[in-house]
Amino acid sequence: MQTPSRGQPAPVAPEALRDAAPITHCQLCGSAERDRKFADPPFEVVTCRQCGLVYVTPRLQGQALLDVYGEGYWKSDNPKVRGYADYAREAALYLKTFQRRLALVRHWLPDRARVLDVGCAAGYFLRVLAPLGHDVHGVELSPAIAGEAIAALGKERIHIGTLDDAVAAMDYQSASFDLITLWDVIEHVPEPQAVLRRIRELLRPTGHLLLETQNVASRWARLLGRRWHHYKHHEHLYHFDPATITRLLADCGFAVERIGADYAGKYVSFAFLAERAGRLGRIPGLLAKPLQLLRGCSVYVNPRDEIIVAARPR
């Protein structure tokens with residue numbers, strides 16, 4: 001297998017890349033027919049001819065995939081390829097983002113709701129909800145960041161591990177949550193159907209799932225092509241659009257009530273903007289470099305290349 005292209009060093013051990021497994025069939029419809037969008041050796045980004053799902057092949061497996069989310073993910077030397085430059089340092093911006101997003105979330109948030117955030121990272125969404133009187137819980141696979149959530153919310157509210165592990169360890173009962181959220185998570189999950197079906201079991205009949213993911217059919221994604229900043233092949237295994245995410249949810253027993261890009265933006269630092277500009281090429285990176293001097297400043301950005309989906313159990 002080839003090594004990653006020059007200028008894009010591998011964020012995981014070379015032996016993990018050698019062990020990456022080729023993906024032969026679409027996760028969504030099972031078809032083996034596909035077209036290649038582009039190659040970024042050793043990876044290819046392909047589109048299923050039958051259902052339109054965009055996915056990455058080959059794919060890291062097992063422990064190699066888990067290792068992606070170690071400490072180097074949350075404070076990455078190469079965030080253009082994997083992870084975040086300094087996730088915890090941006091805490092105030094994530095909290096501000098979720099405060100703004102509450103204007104949307106409140107439509108599906110009853111009073112004194114029981115809420116589960118799957119892939120809660122440092123627990124920023126839950127930290128916004130807890131002072132409002134909601135009963136908040138979180139699941140996070142990465143111990144490297146889950147400690148931040150535990151410190152803020154308590155170990156009785158945060159489980160480190162998978163959702164299936166949490167059901168047993170935390171004694172989550174069927175039909176016991178009013179709202180379950182997946183913020184920028186589903187594209188990382190090798191078996192998204194299993195996670196969504198478990199979520200459906202945990203939701204009350206009147207409950208809702210809120211899910212955010214990138215939109216590969218967005219104007220920004222189409223304009224940037226392979227330079228789109230969400231093409232991070234070690235971690236983003238799937239690239240959904242409104243049609244494919246709706247089909248996935250329907251297959252798992254959900255009915256979509258709302259889908260759109262409103263409130264899917266984020267507060268970001270000027271340093272973040274400079275880093276992302278570097279992905280567009282050498283010249284944009286150089287032109288944006290002075291923004292690093294204003295790293296303490298921030299702005300709300302919504303290029304409308306992400307979507308938030310609200311769905312209910314059928």
Under the rule of at least 5 residues apart or a separate chain, name every residue whose amide H is placed under 5 Å from the amide H of D40.
V45
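Which percentage, to the nearest 5, of the DSSP beta bridges contained in the chain is antiparallel?
Working: 29 of 46 bridges.
About 65 percent, rounded to the nearest 5.
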Value of D in µm² per second that Stokes-Einstein yields for the stretch 20-179, Kirkwood Rh from Cα pairs, at 25 °C (0.890 mPa s):
136
Here the cysteines of the chain lacking a cysteine partner under 4.7 Å (Cβ to Cβ) are C120, C252, C297
With the dipole of the stretch 87-187 defined by +1 on each Lys or Arg Cβ and -1 on each Asp or Glu Cβ, the option from S176, L141, Y124 whose Cα lies farthest towards the positive pole is Y124
Restricted to pairs 8 or more residues apart or on different chains, the lysines in the chain with C-alpha atoms under 26 Å apart form a number of pairs equal to 18
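Over the stretch 36-140, calculate the relative contact order: mean separation of alpha carbon pairs under 8 Å at least 6 apart, over the residue count, as a percent.
Numbers: 108 pairs, mean separation 15.2, N = 105.
It rounds to 14 percent for the stretch 36-140.
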Pairwise over distinct Cα atoms, reciprocal of the mean inverse distance: report the Kirkwood radius of the stretch 62-108 in Å, one decimal place.
12.4
Can you pull the Rg over Rh of the chain, Cα-only, Kirkwood?
0.94
Which order do the peptides 209-218, 153-162 take when ranked by the mean count of other beta-carbon atoms within 10 Å per residue, highest first?
209-218, 153-162
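Arranged by the count of other C-beta atoms within 10 angstrom, fewest first, what order do S269, S174 take? Intermediate values should be presented prior to the final figure.
On the way: S269 22, S174 12.
Least crowded to most crowded, the residues run S174, S269.
Treating only the Cβ of Lys, Arg, Asp and Glu as charged (+1, +1, -1, -1), what charge dipole size does the stretch 129-198 show about its Cα centre? Round to the nearest 20 debye. If you can, show how the numbers build up before the last one.
Values: 4 positive and 11 negative charges, 18 e Å.
For this selection, approximately 80 debye.
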Using Cα pairs under 8 angstrom and six or more residues apart, how large is the relative contact order of the chain, in percent?
16
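Under a Cβ-only charge scheme (Lys and Arg +1, Asp and Glu -1), can you give me the dipole magnitude of the stretch 76-190 about the Cα centre, in debye to the nearest 20?
Working: 12 positive and 15 negative charges, 97 e Å.
It works out to roughly 460 debye.
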Equivalent-ellipsoid semi-axes of the stretch 167-208, from the Cα gyration tensor, Å, largest first
18, 13, 9
Dipole-positive endmost among S269, H188, P110 within the chain (Cβ charges, Cα centre)
S269
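Helix-derived [θ] at 222 nm for the chain: sum -39500 (n - 2.57) over DSSP H runs of at least 4, divide by residue count, nearest 500?
Computed ellipticity for the chain at 222 nm equals -8500 deg cm²/dmol.
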Packing-wise, with mean Cβ within 10 Å as the measure, how do 122-132, 188-198 rank, highest first?
122-132, 188-198
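Using the Cα centre as the reference, give the magnitude of the dipole from point charges on the C-beta atoms of the chain (Lys, Arg: +1; Asp, Glu: -1; all else neutral), rounded to the nearest 20 debye. Mind showing how you got there, number by number?
Values: 40 positive and 34 negative charges, 230 e Å.
Magnitude of the dipole: close to 1100 debye.
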What whole-number volume per residue, in cubic angstrom, does the convex hull of the C-alpha atoms of the stretch 97-249 give?
123
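Readers should treat all values here as calculations from the given coordinates under stated rules, not as data from a laboratory. Everything quoted here is computed from the prediction, not taken from an experiment. As a convention, Cβ positions derive from the backbone with ideal geometry for all residues, glycine included, and neighbour counts pool all protein chains shown.
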